[in-house]
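Student: Please find one structure pasted underneath; my questions will follow.
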Amino acid sequence: MKRAAIYARFSTDLQNDKSVDDQITLCSEYAVRIGCSVVACYSDKARSGASMFGRPGLADLIESAQEGGFDVLISEAPDRISRDMEDLAGIHKRLSFRGIEINCVNGGKQDSLQIGMHGIVGQMQREEGARKVKRGLMGVIDDGRNAGGKAYGYSPVLGKPGELNIVPAEAETVLRIFKAYAAGQSPRDIAGMLNRDGIPAPRGTRWSAPTINGNGKRGNGILRNPLYSGRIVWNRVRMVKDPATGKRVSRPNDSSEFRQADVPHLRIVDQALFDTVQARKETVGGEHASHAPRNKRVLSGLLKCGACGGGLVMIGHDRSGPRVQCSTHRESWSCSNSARYYIEKVEIHVIDALRLQFSDPTIIAEYVKAYRDERRRIESDARRNRSTTSQKLADTQSKLDRLIGKIAADLISDEEAKPLLATLRAEKERLTGDLATAGEATNVIELHPQAVERFRENIENLAAILSQGNVAPDSELIGSFRELVAEVIVMPRQKGEKYTIQIKGYLSSLLGADLSAVTMVAKEGFEPPTQGL
């Protein structure tokens with residue numbers, strides 16, 4: 001008797017969970033009629049058939065097929081397996097290679113011709129369904145109702161799909177944002193003002209400039225939302241699924257495809273103020289604003305704020321040169337470090353600090369010795385705790401197995417299982433690493449003289465180039481510099497105070513080539529002391 005696996009799926013949360021149970025019952029009865037013994041059941045609830053991604057039941061089925069777990073795949077119809085002709089043909093090809101047939105209650109045994117026909121029909125039905133939904137939403141817009149997601153300042157009317165009410169407190173904030181921007185304040189300043197006043201943000205815990213500013217091409221963001229002026233504009237973007245990842249991504253539509261309707265009862269901002277804001281946005285950074293490419297600097301992406309850990313970003317130039325500032329403070333004022341730093345001054349200080357470190361090889365040797373001693377201490381502790389770690393690993397694996405069993409038996413939903421799985425897998429990985437460390441012998445780490453000399457030469461070359469002003473170093477020189485420097489932390493300062501920086505680097509760059517098998521943690525080891533400059 002052939003072994004059969006059953007696969008069931010329904011598409012949306014609006015369908016009944018019993019749909020899967022009904023499909024499995026139907027397929028089980030069919031298995032008896034064709035002389036098969038059911039050995040496994042796989043299912044995906046509220047999962048689209050448009051992609052193979054995000055369907056754990058289908059993934060488990062394919063994995064079982066690769067291990068020879070069954071001989072026949074039974075489903076209610078081919079479109080339960082997939083509604084994408086490429087995916088359905090691919091699944092059939094994989095299973096056929098392993099001698100597994102697809103047999104459906106509605107359609108019988110599937111050969112290549114039937115799979116091709118069902119794949120085309122399934123995809124056409126799915127695409128036609130999407131077109132019908134879009135036509136329905138157009139009717140919603142023409143009726144003066146909202147067909148999009150929730151907008152800040154409004155709440156849905158219960159029992160009346162698409163109808164909205166104005167939320168007075170949020171509407172007051174919206175009006176405040178528009179007036180502040182029209183008066184000349186920047187989105188960053190407005191976000192900081194709202195955060196300082198403790199006004200709850202639409203999403204997350206903090207207001208930020210992008211929340212207020214939005215995206216010009218997509219027409220989102222508070223300042224760009226026409227709903228606040230009493231006008232619904234729908235279909236500004238479309239969602240497409242990336243075949244490589246299965247993720248939905250948005251693409252802006254041409255303005256000719258927009259659907260609009262006047263809803264004066266939802267107006268929060270008068271038309272004159274709304275038009276003033278849109279005119280200013282076009283002036284300071286409209287859709288056709290030019291964005292000149294910037295030369296990549298030596299420390300691009302490496303600079304971090306010493307107060308919050310956020311990145312430092314360019315904020316413009318003055319007579320003394322380009323400046324950087326904490327991006328977290330700039331976007332939301334949630335970091336207290338408002339200091340501005342001259343990037344060229346920071347670059348020179350970093351180079352000078354490294355020149356000082358490399359001027360005396362014994363300093364680097366001390367770092368290596370400290371690293372070696374710390375590694376030996378960690379490994380010694382791990383060996384002493386090996387027995388306890390082994391038991392904890394066994395317990396974690398047991399919990400993981402029980403959880404997977406519950407998922408397979410549909411005793412726990414995917415949403416409930418996801419955080420538990422992530423926690424247990426992270427714990428298993430950590431304990432496995434601890435055990436591996438406990439079994440390793442301590443490696444003797446030696447400096448590689450040629451590596452030290454090469455970095456010393458690169459630093460000298462960088463120093464010479466930076467001293468010439470606007471001349472940009474070539475990419476190869478910057479790349480070799482980044483092999484050593486992982487992060488540059490710039491500490492908060494008051495106006496007039498000296499810069500204080502901390503450089504974190506990769507110790508592995510200075511080690512001998514024969515130690516390439518030694519695992520080094522990024523940013524571990526080489527860390528020159530804080531430089532007060």
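Table: residues versus (1) among the aromatic types (Phe, Trp, Tyr); (2) touching a strand residue (DSSP E or B) at 6+ places or on another chain (Cβ under 8 Å); (3) part of a helix (DSSP H, G or I); (4) modelled with pLDDT of 70 or more.
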residue: Leu400; (1), (2), (3), (4): no, no, yes, yes
residue: Ile404; (1), (2), (3), (4): no, no, yes, yes
residue: Asp410; (1), (2), (3), (4): no, yes, no, no
residue: Pro419; (1), (2), (3), (4): no, no, yes, yes
residue: Glu427; (1), (2), (3), (4): no, no, yes, yes
residue: Arg430; (1), (2), (3), (4): no, no, yes, yes
residue: Thr437; (1), (2), (3), (4): no, no, yes, no
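Student: Turning to a different aspect of this structure: Among Ala50, Ala59, which is closer than 22 Å to Arg248 by Cα and out of contact with any helix residue (DSSP H, G or I) (no Cβ under 9 Å at 6 or more places or on another chain)?
Tutor: Ala59
Student: Take segment 86-103 and flag every residue that is part of a strand (DSSP E or B) and surrounded by fewer than 22 Cβ atoms within 10 Å (Cβ to Cβ).
Tutor: Glu101, Asn103
Student: Can you tell me which residues in segment 60-76 are open to solvent by less than 20 Å² (accessible area, probe 1.4 Å) and not in a helix (DSSP H, G or I)?
Tutor: If the condition is that a residue be open to solvent by less than 20 Å² (accessible area, probe 1.4 Å) and not in a helix (DSSP H, G or I), then Phe70, Val72, Leu73, Ile74, Ser75 are the ones that fit.
Student: Of the residues Ile141, Ile115, Ile120, only one is modelled with pLDDT of 90 or more, open to solvent by less than 40 Å² (accessible area, probe 1.4 Å) and not polar (S, T, N, Q); which?
Tutor: Going through Ile141, Ile115, Ile120 in turn, the sole match is Ile115.
Student: When you go through Val38, Val32 one by one, which is the residue that is of a type outside the set (Phe, Trp, Tyr) and either closer than 25 Å to Val121 by Cβ or surrounded by 14 or more Cβ atoms within 10 Å (Cβ to Cβ) (or both)?
Tutor: Val38
Student: Oh, and also: Pick out the one residue from Ile100, Ile115 that is closer than 14 Å to Tyr7 by Cβ and either among the aliphatic types (A, V, I, L, M) or under 32 Å from the mean Cα position of the chain (by Cα) (or both).
Tutor: Ile100
Student: Give me the pairs: first residue in segment 85-114 and more than 19 Å from Gly57 (Cα to Cα), second residue in a helix (DSSP H, G or I) and hydroxyl-bearing (Ser, Thr, Tyr), beta-carbon distance under 6 Å, and six or more apart or on different chains, which are they?
Tutor: Val105/Tyr30
Student: Here is a further query. So, of the residues in segment 144-179 that are open to solvent by 50 Å² or more (accessible area, probe 1.4 Å) and part of a strand (DSSP E or B), which turns out to be farthest from Arg80 (Cα to Cα)?
Tutor: Checking each candidate, the answer is Ile166.
Student: Asp189 passes all but one of (1) under 16 Å from Ile232 (Cα atoms); (2) part of a helix (DSSP H, G or I); (3) open to solvent by 50 Å² or more (accessible area, probe 1.4 Å); (4) of a type outside the set (Phe, Trp, Tyr); which number fails?
Tutor: (1)
Student: Please enumerate the residues belonging to segment 257-269 that are of a type outside the set (Lys, Arg), touching a residue at least 40 places away in the same chain (Cβ under 8 Å) and over 19 Å from Ser186 (Cβ atoms).
Tutor: Correct list: Gln260, Ala261, Asp262, Val263, Leu266, Ile268.
Student: Exactly one condition in (1) touching a Phe, Trp or Tyr at 6+ places or on another chain (Cβ under 8 Å); (2) open to solvent by 30 Å² or more (accessible area, probe 1.4 Å); (3) free of Cβ contacts under 8 Å to residues at least 12 places away in the same chain; (4) among the aliphatic types (A, V, I, L, M) is false for Ala201; which is it?
Tutor: Of the numbered conditions (1) touching a Phe, Trp or Tyr at 6+ places or on another chain (Cβ under 8 Å); (2) open to solvent by 30 Å² or more (accessible area, probe 1.4 Å); (3) free of Cβ contacts under 8 Å to residues at least 12 places away in the same chain; (4) among the aliphatic types (A, V, I, L, M), the odd one out for Ala201 is (2).
Student: State yes or no: is Arg83 surrounded by fewer than 22 Cβ atoms within 10 Å (Cβ to Cβ), part of a loop (DSSP other than H, G, I, E, B) and of a type in the set (D, E, K, R)?
Tutor: So Arg83 fails the test.
Student: Name the residues in segment 188-198 that are in contact with an Asp or Glu (Cβ under 9 Å, 6 or more places away or on another chain) and modelled with pLDDT of 85 or more, would you?
Tutor: Scanning segment 188-198 gives a single hit, Ala191.
Student: Let me ask something else. If a residue must be modelled with pLDDT of 80 or more, among the charged types (D, E, K, R) and surrounded by 15 or more Cβ atoms within 10 Å (Cβ to Cβ), how many such residues does segment 227-266 contain?
Tutor: Adding up the residues that qualify gives 2.
Student: Return yes or no: is Ala46 more than 34 Å from the chain's Cα centre (by Cα) and either open to solvent by less than 40 Å² (accessible area, probe 1.4 Å) or polar (S, T, N, Q) (or both)?
Tutor: In short, no.
Student: Can you tell me how many residues in segment 176-210 are within 20 Å of Lys150 (Cα to Cα), in contact with a helix residue (DSSP H, G or I) (Cβ under 7 Å, 6 or more places away or on another chain) and among the hydroxyl-bearing types (Ser, Thr, Tyr)?
Tutor: 1
Student: Here is a follow-up. Taking the conditions exactly as written (of a type outside the set (Asp, Glu), in a helix (DSSP H, G or I), farther than 29 Å from Lys160 by Cα and open to solvent by 80 Å² or more (accessible area, probe 1.4 Å)), does Lys132 satisfy them or not? If you could, list the steps in order and put the result at the bottom.
Tutor: Numbers: of a type outside the set (Asp, Glu): yes; in a helix (DSSP H, G or I): yes; farther than 29 Å from Lys160 by Cα: no; open to solvent by 80 Å² or more (accessible area, probe 1.4 Å): yes.
For Lys132, the condition - of a type outside the set (Asp, Glu), in a helix (DSSP H, G or I), farther than 29 Å from Lys160 by Cα and open to solvent by 80 Å² or more (accessible area, probe 1.4 Å) - is not met.
Student: Within segment 316-339, how many residues turn out to be under 25 Å from Phe481 (Cα atoms) and buried (at least 16 other Cβ atoms within 10 Å of the Cβ)?
Tutor: 5
Student: One residue is enough: does segment 219-226 have a residue meeting the conditions open to solvent by 70 Å² or more (accessible area, probe 1.4 Å) and either closer than 29 Å to Ser336 by Cβ or among the small types (Gly, Ala, Ser) (or both)?
Tutor: For segment 219-226, residues open to solvent by 70 Å² or more (accessible area, probe 1.4 Å) and either closer than 29 Å to Ser336 by Cβ or among the small types (Gly, Ala, Ser) (or both): absent.
The values are calculated or read from the model by the stated rules, or taken from the named source; none is laboratory data. These numbers come from a predicted model, not from an experiment. Cβ sites come from the backbone with ideal geometry, for glycine too, and all protein chains shown count toward neighbours. Keep in mind that these areas ignore ligands, DNA and RNA; they rest on the heavy atoms of the full protein, side chains included. Shrake-Rupley method; radii C 1.70, N 1.55, O 1.52, S 1.80 Å.
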